[in-house]
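The values are calculated or read from the model by the stated rules, or taken from the named source; none is laboratory data. All of these numbers come straight from a predicted model, not from anything done at the bench. Note that we place each Cβ from the backbone using ideal geometry, even for glycine, and neighbour counts take in every protein chain shown.
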Amino acid sequence: MNLSHVLLTALRDHGAREVFGIPGDFALPFFKVIEESKILPLFTLSHEPAVGFAADAASRYNRSLGVAAVTYGAGALNMVNAVAGAFAEKSPLVVISGAPGAGEVRSGMLVHHQAKTIDSQFAIYREITCDQARLDDARTAPAEIARVLASCLRESRPVYIELPRDMVNVACEPVVAEVPLPTDAEVLDACADEVLARLRSATSPVLMVGVEVRRFGLEDKVAELAHRLGVPVVTTIFGRGLLADSDGALAGTYLGVAGTAEVTNLVEDSDALLLLGVIISDTNFGVSSRKIDMRRTIQALDHRVTLGYHTYADVTLPAFVDALLARLSGDAPQPKVTSPVYPRGLKADTAPIGPNDIALAVNDLMDVHGRFPIATDIGDCMFTAMDITPTALVAPAYYASMGFGVPAGIGLQAASGERPLILVGDGAFQMTGWELGNCRRFGIDPIVIVFNNQSWEMLRTFQPESSFNDLGDWKYADMAAGLGGEGVRVHTREELKVALDHAVATRGKFQLIEAMIPSGVLSDTLARFVAGVKRLTVAKVPDAC
Ligand code: S1T
Ligand code: MG
């Protein structure tokens, strides 16, 4: 086999299901092998940020390796923001970049697409990946690939592989996958025993689940764990959609001052908060109405379990969850949890549309047609999604990069065949909405709702005096036909319902619903979030001396 076949076969054997990419002359030979070998299907998009977002979303939804293949310099550096988001949000993304061959590097001339030095790109990607390899020697390449792919899966973080174009067709031995190291049994026993003792001595234990539970495929086990522990479960905003299929214990999403009093008090009053795979970030905890003393919590994240002032190292989340389950029978009394009720019953009248109405309309739609996966961008569309019936959700809820939503929905459907609903603001749509033009080639047909408030509304809520937040009227629905889809602009709640019913009934073309939202009209969740942040910010500002 040649090095490219070896690399593609190893990617598939480690769980990758497709490649998203844009070639360039440094990557053309590799793309030729991708296309002709058919080891993994190739989906090309129009701009590298979208390649990164689509591959990231595909990996999240399928719980598999995402693969983003690009050219050197202009391609790979164009994708840095999307990969940084994948790193921050713990997506197992494999970045493969073409690169100059050895002869070009030795030529002594600067190489086109070269930024500073020939190694600058490698150095930049070192900052946003957990492992890296340059495949410039066929003798070491199989072990390098095995190491980097093992790191990607173990850390659930992006990795970077640089493939010089003169190495693409070089003969190479197959990759032998690394065997993951087991967690030390004694450490695991001590850790699980101490955590259970803590939980049993607590008066109000609560389980909070975060992104690693999804990334390591633990949702069913964690739902069972909650049942055996007999404790209520909440998700973070970033963990929204987790345990959507589990019955019973899910009390809701913790949003601090922006959430329901019941869930906020449940979390903030707990004397034993068990955080499974939760990123301790400002978006997850920044709007806590009372500061949660993290030293009193039990945190299992990044292969460590921390209780108070001490940490058990090298304890993976899967091993930790298994150890807890092994110590628990199934007869704990179940907590009395009032499962959150999600609003439904849109009044289909001539009133203007607000974000809350979109949540109602989507909940009504899913009551009739069943749940579908949702990809959201950042902006009020994401806060609106908090009021939608729990379903599989991919959202940049922590790194919060705009432009994620449309490519993520495309990546999700291209990789899974599931038809998604994409929620995106007009500002974010201006960044990557154009990628919908690729749906026709892929035979996919997402339903897209553009929250068109003609504004960077989230920014305006914090700085209303700035007119640079005005975006003007771009008439997005009119663009749909030229991109191969159907578009409709809706102003009233009645028009929204009709448009959604038509979209669900129409297959084979993407459906774009441009929902005109009056300026200043926010979702209830975003309004509470903004009010809470303002209140907390004012509270933190020291009195003028
Ligand atoms: N650029 C990128 C790539 N991501 C960002 N998050 C931002 C800039 C900053 C930013 C926000 S929210 C926001 C910007 C520009 C406005 C979003 O506008 P739109 O998509 O229309 O949604 P909505 O009108 O609902 O706000 C966050 C705070 O960083
Ligand atoms: Mg907007």
- Checking R460 against (1) more than 28 Å from the chain's Cα centre (by Cα); (2) within 16 Å of ligand 1 (Cβ to nearest atom); (3) among the basic types (K, R), the condition it does not meet: (1)
- Scanning region 510-526 residue by residue, those surrounded by fewer than 19 Cβ atoms within 10 Å (Cβ to Cβ) and either away from ligand 2 (no atom under 15 Å from the Cβ) or more than 19 Å from R493 (Cβ to Cβ) (or both) turn out to be D524
- Taking region 35-54, which residues are out of contact with any Pro (no Cβ under 9 Å at 6 or more places or on another chain) and outside any loop (DSSP other than H, G, I, E, B)? E35, E36, S37, L42, F43, E48
- Message: What are the pairs with Cβ atoms under 9 angstrom where one residue, in region 525-542, is at pLDDT 75 or above and the other, located anywhere, is assigned to a helix (DSSP H, G or I) and of a type in the set (D, E)? Sequence gap at least six, or different chains.
- Response: T525/D380; L526/D380; L526/E457
- Message: For region 432-454, give me the residue count where each residue is within 16 Å of ligand 2 (Cβ to nearest atom) and either crowded, with 21+ Cβ neighbours inside 10 Å or under 19 Å from A505 (Cα atoms) (or both).
- Response: 8
- Message: Would you confirm whether or not region 318-333 contains a residue that is under 30 Å from K497 (Cβ atoms), modelled with pLDDT of 95 or more and either surrounded by 23 or more Cβ atoms within 10 Å (Cβ to Cβ) or among the basic types (K, R) (or both)?
- Response: no
- Got a sec? Which of R344, R371, R419 is farther than 27 Å from G443 by Cα, among the basic types (K, R) and either in contact with a helix residue (DSSP H, G or I) (Cβ under 6 Å, 6 or more places away or on another chain) or surrounded by fewer than 24 Cβ atoms within 10 Å (Cβ to Cβ) (or both)? R344
- Would you check if M479 is farther than 17 Å from T525 by Cα, aliphatic (A, V, I, L, M) and either surrounded by fewer than 24 Cβ atoms within 10 Å (Cβ to Cβ) or more than 16 Å from ligand 2 (Cβ to nearest atom) (or both)? yes
- Going by the conditions given, is S107 closer than 30 Å to P396 by Cα and polar (S, T, N, Q)? no
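Taking helices (runs of 4 or more DSSP H) that fall entirely within region 433-508, which contain at least 2 residues that are within 19 Å of G379 (Cβ to Cβ)?
The qualifying helices (runs of 4 or more DSSP H) are 457-462, 476-480.
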- Of all residues making up region 396-418, the number that are touching a residue at least 60 places away in the same chain (Cβ under 8 Å) and more than 16 Å from ligand 1 (Cβ to nearest atom): 7
- Name, by its number, the condition in (1) buried (at least 19 other Cβ atoms within 10 Å of the Cβ); (2) in contact (Cβ under 8 Å) with a residue 40 or more places away in the chain that does not hold for A244. (1)
- Message: Cβ-Cβ under 7 Å, sequence separation 6+ or interchain: first residue in region 453-471 and at positive phi, partner hydrophobic (A, V, I, L, M, F, W, C) and within 14 Å of ligand 2 (Cβ to nearest atom). Which pairs?
- Response: Q454/L471
- Members of region 391-408 that are in a loop (DSSP other than H, G, I, E, B) and either crowded, with 23+ Cβ neighbours inside 10 Å or within 16 Å of ligand 2 (Cβ to nearest atom) (or both): A395, P396, A397, A400, S401, M402, G403, F404
